[in-house]
C-alpha cells in the first residue's frame, strides 16, 4: 500500500479516559480543559482522575484559545497515515489556563515561528462531526 493510500487515523472518544466531553465540544468549536474541583488546578490531556489529588472530582471548563509557542518542529518524516501532509508544523503550546497542548500550527511558515510567539485557537476539520484543535499566529 502506498503512502497516498493510507488514511489519516482519527481520534476516538474514550469513556475510560473520559475524553467524550472533550471531543463533543470540539465538534461545537469549543476547547475544554479538565479542572480538579478540590485543588482548582487544570490538567490536559483528559484523564479519569485529578493529577493533584488522585480523586475523580473533575469538571470541564472552556479554554480561552490563547497561548504561546513553547516548542515546535517542522515535520518532514510523518508517522503512519500522515505522509501526505508533510511538511507540517507540530508544536507544544502553553495555554493561558496553565496547560500545555500538542498541536499543529497553520498559516505560518516554519522560519517565522518563534518560541514565545502568541497563537490562537484554529479548528482543523477532520470530518463533518470532528474537529481537532490547532493554532495560528495571534
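The values are calculated or read from the model by the stated rules, or taken from the named source; none is laboratory data. All of these numbers come straight from a predicted model, not from anything done at the bench. FYI the Cβ positions are ideal-geometry reconstructions off the backbone, even for glycines, and counts take in every protein chain you see.
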Margin query: Any residue in region 1-30 that is over 11 Å from residue 130 (Cα atoms) sitting within a Cβ distance under 6 Å of a residue that is modelled with pLDDT under 80 and surrounded by 13 or more Cβ atoms within 10 Å (Cβ to Cβ)? List the pairs, counting only those 6 or more apart or interchain.
Written below: 19/13; 20/13
Note to self: Based on this model, can you work out whether residue 40 counts as more than 14 Å from the chain's Cα centre (by Cα), surrounded by fewer than 13 Cβ atoms within 10 Å (Cβ to Cβ) and either outside any loop (DSSP other than H, G, I, E, B) or not assigned by TED's automatic domain parsing to the domain that holds residue 108 (or both)?
What the structure shows: yes
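From the list 119, 136, pick out the single residue that is in the same structural domain as residue 69 (by TED's automatic domain parsing) and either surrounded by 18 or more Cβ atoms within 10 Å (Cβ to Cβ) or closer than 17 Å to residue 12 by Cα (or both).
Step by step, each of 119, 136 is checked, and only 119 is in the same structural domain as residue 69 (by TED's automatic domain parsing) and either surrounded by 18 or more Cβ atoms within 10 Å (Cβ to Cβ) or closer than 17 Å to residue 12 by Cα (or both).
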Checklist line | Subset tally (residues that are in a loop (DSSP other than H, G, I, E, B) and surrounded by 15 or more Cβ atoms within 10 Å (Cβ to Cβ)) for region 14-23 | finding: 2
Next item on the list: Considering only residues that are in contact with a strand residue (DSSP E or B) (Cβ under 9 Å, 6 or more places away or on another chain), surrounded by 13 or more Cβ atoms within 10 Å (Cβ to Cβ) and in contact (Cβ under 8 Å) with a residue 24 or more places away in the chain, look in region 72-93 and name the one that is nearest to residue 121 (Cα to Cα).
Entry: 93
Next item on the list: Please state which of the following conditions residue 53 fails to meet, knowing it meets all the rest: (1) in the same structural domain as residue 22 (by TED's automatic domain parsing); (2) closer than 18 Å to residue 101 by Cα.
Entry: (2)
Next item on the list: Considering only region 95-138, give the strands (runs of 3 or more DSSP E) lying wholly within it that have at least 2 residues that are modelled with pLDDT under 95.
Entry: 118-125, 131-137
Next item on the list: Report whether or not residue 46 is in a loop (DSSP other than H, G, I, E, B) and in contact with a strand residue (DSSP E or B) (Cβ under 8 Å, 6 or more places away or on another chain).
Entry: yes
